[in-house]
Amino acid sequence: MQVSRIPLLAILAVLTVVALLPFSHGAAPVSERADAARLREEVAVPANGRLRVDAIRESATSTRLRLDPSRLAVTPLPNAARVIATDLAGKEIPLQHSSDGMVSVDSKPGQWVVVKPVETTTAPMTGDLQWLPGVCIPPADAGTSAEASTLRSYAKFGLVPVVWDTVKDAYRAVASIGVARNGDPTATGSLGAQAQVKLAFEGVSAEPREFSIDTVGFGGERTVEFTFTRTLSKDPRMIVRTNVAGEQPFAMNVRPRIDVQVRKNPILGLGLEETTVVVECVQAHGALLELPDDTPVIIACSGGQDRDADALRVSSQRAQGEFRVRSVGLGEIKVVASTRTATEELVRSATVQTSLPIAQLIAVLAGGALGGFARRFMKGARKAKTPIHVLEGLVVSLIAFVAGVLGVGYLQLPSAIVATVAGAFLTGALTGFAGVMVIEQMTSKSRRSEG
């Protein structure tokens, strides 16, 4: 009986150890191992292959995540690409690299982990959904799902390529940024945290934008519109930065434009003045556009009268042309220039403001009155006729001023000088005095012929 007890006691001891093993230090309970089985999965990412994400719970104080770093960017990264892990505040979390090319990171309970490449290449800006580099893994208790989930940020761009908007009179572009759970932008729900997004620009005169996203899917994406009048470099970029993904620059395809510049604005209304309008075809950063052949430019002018516009052409040797516009009333003048290149149509408009020549009229009338009044100081002048001479000076100076700005001046002064306040006063004074003298001589001859 003593010999038979030894094997029985040994068997009981082994069974006791096996029964207590799940509750020993460092081991996971049965329910925790079941959660780990649900957490281990492959997450499908549309249009970007399959992103392997394994979440293995090792203890109650940490979660080990294993990822394939080659699938963290818009385009697959090489195996040697350097990746880092951070929390939502940007604090770096240590990463371990394994021989099979995978990376792993241990996260604390409630900690968000963002794994992203250190450097990414510039991607073209398209109208399709484009994934931002990196992946964000929320903690197991975040969100509504008990299974492992990944968050991928994406960008979509409207109005690609970027062209000149004739209504806003500027380049106009639209960007939409969102966050998708498990690669599905149609899935909705709370993000569980705030994704901070910053849009910055290189080589573009546009204001940076900042906003936050707290809902996943298309319903939570943010759309921003930005405008600019020109680029500062030949290759402008928009850079998307967010705390739930890596930084991604996008190349902006900004198309050429046609510039319409008015040399003098405003001009005098009522047909009293004209201005020169310069038309040139340029690239987005201001350099003259190279045109293969002579290209006609069609000019449409409303509210004014254009001159020399019918034969306006531009070419690679002379990408600039000009014509003249004269006012016909007191309303604004709208000039629209359009031309077609080998790839697109360029349209641009400009507005010429007109003004009532009040200051010039006051100046010319003052000069005319002074010229007529000066007749009384001439030898043989009768002072009783001074009021008549002043009135005659006013009438003559006003007629001379209109003729002068139209280029038919008695004094042979340039119309641009006559249209100034000083030129109007000078024109009024000289023509007022001379006009009174001429009228007086004509009146004397008429009287002698009648006598």
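The values are calculated or read from the model by the stated rules, or taken from the named source; none is laboratory data. Keep in mind that this is a model prediction, so the values were computed, not measured. Cβ coordinates were reconstructed from backbone atoms using ideal geometry, including for glycine residues, and neighbour counts include every protein chain displayed.
Among the residues making up region 79-101, those that are outside any strand (DSSP E or B) and modelled with pLDDT under 80 are Asn79, Ala80, Ala81, Arg82, Ser98, Ser99, Asp100, Gly101. Screening region 171-209 for residues that are at positive phi and assigned to a strand (DSSP E or B) and picking the one that is surrounded by the fewest Cβ atoms within 10 Å (Cβ to Cβ) gives Gly189.
Checking every residue in region 352-370 against the condition of being in a strand (DSSP E or B) and within 18 Å of Arg257 (Cβ to Cβ) gives zero matches.
So that you can scan it fast, the table gives a plain yes or no per residue for (1) closer than 30 Å to Gly404 by Cβ; (2) among the aliphatic types (A, V, I, L, M); (3) surrounded by fewer than 20 Cβ atoms within 10 Å (Cβ to Cβ); (4) out of contact with any Phe, Trp or Tyr (no Cβ under 8 Å at 6 or more places or on another chain):
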| residue | (1), (2), (3), (4) |
| --- | --- |
| Gln248 | no, no, no, yes |
| Ala251 | no, yes, yes, yes |
| Asn265 | yes, no, yes, yes |
| Gly269 | yes, no, no, yes |
| Glu273 | yes, no, no, yes |
| Gly303 | yes, no, yes, yes |
| Asp306 | yes, no, yes, no |
| Ala309 | yes, yes, no, no |
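Looking only at residues in region 371-413 that are within 11 Å of Leu426 (Cβ to Cβ) and assigned to a helix (DSSP H, G or I), the one that is modelled with the lowest pLDDT is Gly404.
Counting residues in region 291-309 that are in a loop (DSSP other than H, G, I, E, B), under 23 Å from the mean Cα position of the chain (by Cα), in the same structural domain as Leu346 (by TED's automatic domain parsing) and at pLDDT below 90 gives zero.
Per the conditions (1) surrounded by 14 or more Cβ atoms within 10 Å (Cβ to Cβ); (2) modelled with pLDDT of 90 or more; (3) under 28 Å from the mean Cα position of the chain (by Cα), the sole criterion not satisfied by Phe323 is (3). State all residues of region 156-184 that are free of Cβ contacts under 8 Å to residues at least 60 places away in the same chain and more than 21 Å from Ala251 (Cα to Cα); if no residue qualifies, say none. Hits for region 156-184 are Val167, Lys168, Ala180, Arg181.
For region 250-259, the criterion of a residue being touching a strand residue (DSSP E or B) at 6+ places or on another chain (Cβ under 6 Å) and closer than 24 Å to Ile84 by Cα is satisfied by at least one position. The set of residues in region 235-267 being over 29 Å from Gln353 (Cα atoms) and of a type in the set (Asp, Glu) consists of Asp235, Glu247. Restricting Ser349, Ser338, Ser316 to residues that are closer than 30 Å to Ala287 by Cα, in contact with a Leu (Cβ under 6 Å, 6 or more places away or on another chain) and not assigned by TED's automatic domain parsing to the domain that holds Leu426 narrows the list to Ser316.
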